[in-house]
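Chemist: Below is a structure I'd like to ask you about.
Values quoted throughout were computed directly from the atomic coordinates according to the rules given, and no laboratory measurement underlies them. The structure presented is a predicted model; accordingly, all values stated were derived computationally and were not measured. Cβ: placed from backbone, ideal geometry, glycine included. Neighbour counts: every protein chain shown.
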Amino acid sequence: MSYLGFVVKASRALLFPMYRAPTSGDSCRAPSGPNALRDLTIQDMKDLQRSVDYLESRQDIDHDRIAYFGVSLGARLGSIALAVEKRFKVAVLWSGGFSLGTKLPDMEEINYAPRVTTPVLMLNGRDDFTFPIETSQIPMFRLLGTADAGQAPRALRRRPRLPVCAGREGHAGVVGSVSWGASVTATWLMANR
């Protein structure tokens, strides 16, 4: 997770929730059955909300500047997280998009994206095999409920028109060119406090 070092170097606090996942190696049994993914995601979103509760309980944290930062799975789940947790002021999604698999309707990210009103910066690789640009990244970005940069009032012009791509990199390409991703992210966060 050294790719997140720029966050701390920019004098920002970083909270990294550790979600319970079937591959996390914990001794708890992963949910099973037809609703396992839904149950796990609900638990993850509850954990995320508890994490924000914790940040808001701290006097040394500026509650008006809490941001969501998702990479890969965290970026894919960003549309759900940002739709259910409204206390994030801005969001950055690295190497994410809509999942291409079929899920129950209550777990489809596409059903949450229009409810996202948080300004979002999305950075992806052009040749991402997990979240292809035409079928995953652009549809997610365009369906986000955040106002388009060109149509929003000047004070809300915080979102580019398309996801920003990091050259020809594949999945997690932004992480591979972390200095570029960190620079773009830090600049955008400073402009959108």
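Chemist: Just to be sure I understand the model, the point goes 7 Å from the Cα along the line to the Cβ. What's the resulting Asp106 to Leu4 distance in nm?
Modeler: Each label point lies 7 Å from its Cα, and together they span 2.9 nm.
Chemist: With a 10 Å radius around each residue's Cβ, average the other Cβ atoms per peptide and rank 48-58, 122-132, highest first.
Modeler: Answer by packing, highest mean first, reads 122-132, 48-58.
Chemist: Now for a separate question. Pull up the cross-link candidates among the lysines for Lys103, meaning alpha carbon to alpha carbon under 27 Å and not fewer than 8 places away within one chain.
Modeler: Result set, ordered by chain and number: Lys46, Lys86.
Chemist: Right, here's the next one. For Met190 paired with Glu56, estimate the spin-label separation in nm (one decimal), with each label point 7 Å from Cα along the Cα-to-Cβ line.
Modeler: 3.0 nm
Chemist: Tell me, what is the percent relative contact order of segment 39-108, built from C-alpha pairs under 8 Å that lie six or more residues apart?
Modeler: Answer for segment 39-108 is 30 percent.
Chemist: I would also like to ask the following. By how many nm would the segment from Glu134 to Val84 grow when fully extended, if each residue of separation counts as 0.36 nm and the alpha-carbon distance is taken off?
Modeler: Between Glu134 and Val84, full extension yields an extra 15.4 nm.
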